[in-house]
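The values are calculated or read from the model by the stated rules, or taken from the named source; none is laboratory data. Bear in mind the structure is a predicted one, so any value in this text is a computation, not a measurement. Methodologically, a virtual Cβ is constructed for each residue, glycine included, from the backbone with ideal geometry; neighbour enumeration extends over all protein chains shown. In case anyone asks, the SASA skips ligands and DNA or RNA and just uses the protein heavy atoms, side chains included. Shrake-Rupley method; radii C 1.70, N 1.55, O 1.52, S 1.80 Å.
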Amino acid sequence: MNFISLKDIDSLSKWVSEALEIKKNPLKKKKLGQDKTLGLLFFNPSLRTRLSTQKAALNLGMNVIVMNFTNEGWSLEFEDGAVMNQGATEHIKEAAEVISQYCDAIAIRAFAELIDREKDNSEVVISGFLKYATVPIINMESATGHPLQALADAITIEEFKSNQRPKVVLTWAPHPKALPQAVPNSFVEMMQLQEADFVSTHPKGYELNPAVTKDSKIEYNQNKAFENADFIYAKNWSNYNEYGKIKNSDTNWTVTSEKMKLTNNAKFMHCLPVRRNVIVADEVIDSNNSIVINQANNRTYSAQLVIQKILQDGK
Ligand code: SN0
């Protein structure tokens with residue numbers, strides 16, 4: 001069993017209730033992972049993903065080994081048949097097989113490069129590990145998705161919703177750097193599996209990959225989208241059409257308390273890290289309606305559920 005995308009979740013509602021069970025007693029299966037090792041490989045920075053996945057594995061009694069490919073580790077070649085007379089030192093073929101001997105599962109973070117859309121869509125790093133590793137693979141944010149985040153978001157919405165069909169709004173907000181579409185992609189895919197009135201709002205031209213959004217509702221007027229919302233989920237992403245470009249930095253899209261007043265006293269969500277007073281005003285993220293810290297806490301239980309399923313699958 002691998003955990004690569006939302007497609008690996010057979011029943012979201014079932015997974016959410018299982019995660020909430022784990023949250024009630026996180027040490028219940030402390031023996032399940034005994035003498036097993038989880039390897040965490042990072043090609044990009046991390047705070048929550050690294051610590052919550054590590055915490056989840058420790059709750060299951062596993063050992064964890066971590067490697068940063070950002071500044072340690074050889075640079076890897078992912079192309080089959082490459083003549084390796086340039087920068088890359090080691091081929092994914094050896095690297096993945098070797099790491100598989102040390103680990104019972106491998107979790108990987110490898111962001112979109114935001115240069116070549118087709119290359120990012122082909123998920124070079126995750127695909128390389130899927131091809132050559134001999135143990136289960138967990139996605140800790142790949143080029144096109146961040147399913148552990150989306151699962152934590154689903155758990156958080158379940159905990160905080162006050163009606164069966166909440167209005168959930170994904171809003172784009174400005175950012176000084178070009179960011180990947182992974183988080184909004186997985187959030188949209190997760191919302192498609194839920195009973196909710198789900199709307200995305202973003203400037204024209206900021207449409208995500210239509211293969212992801214399918215017939216999901218888009219409202220280009222942010223104020224209109226916010227009306228009666230129960231949850232506001234803010235996130236920046238760079239342009240998908242003009243791939244990786246920043247085409248808009250309009251600060252009118254920042255989530256302010258004036259905009260939150262349009263909502264049905266909505267909860268504010270963001271995956272973090274967040275640029276304060278660019279994505280969201282201090283007074284919103286510091287308000288009682290902000291649930292970003294609860295959301296981050298649920299990262300542990302989303303990771304723990306996934307690792308638990310992988311451990312049980314191997315038995
Ligand atoms: C990442 C992203 O995909 O948007 C990770 C989110 C979980 N975010 C960033 O890279 C933020 C970088 C910054 O400088 O604000």
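Looking at the P(r) of the chain, how many percent of alpha-carbon pairs lie beyond 30 Å? More than 30 Å apart: 33 percent of the Cα pairs in the chain.
Take the residue pairs Lys31/Lys235; Lys23/Lys167; Lys131/Lys217 and return only those whose Cα atoms are more than 28 Å apart. Over 28 Å Cα-Cα: Lys31/Lys235; Lys131/Lys217. Would you mind calculating the relative contact order of the chain from Cα pairs under 8 angstrom and at least 6 residues apart, reporting the percent as a whole number? Over the chain, the number comes to 20 percent. Every helix of 4 or more DSSP H residues in the chain counts as -39500 (n - 2.57), and over all residues that averages to -10500 deg cm²/dmol at 222 nm.
Each other residue within a Cβ distance under 13 Å of His91 adds +1 if Lys or Arg and -1 if Asp or Glu, for a net charge of -4.
In whole percent, and with a 1.4 Å probe on the protein chains, what portion of the accessible area of the range 186-315 is carbon and sulfur? Looking at the range 186-315 in its full context, I get 44 percent from C and S.
Put a dot 7 Å past the Cα of Asn85, heading toward its Cβ, do the same for Asn25, and the two dots end up 6.4 nm apart.
Computed over the range 200-250, relative contact order equals 42 percent, with contacts defined as Cα pairs under 8 Å that lie 6+ residues apart. Counting heavy atoms of the protein chains alone, Leu20 has an accessible area of about 40 Å² for a 1.4 Å probe. Return one number: the angle in degrees, 0 to 90 and rounded to the nearest 10, between the long axis of the Cα atoms of helix 92-102 and the longest principal axis of the Cα atoms of the chain. The angle comes out near 80 degrees. When +1 charges are put on Lys and Arg Cβ atoms and -1 charges on Asp and Glu Cβ atoms, the dipole computed for the range 227-313 relative to its Cα centre reaches about 220 debye.
At the residue level, Arg276 shows approximately 110 square angstrom of accessible surface with a 1.4 angstrom probe and all protein chains present.
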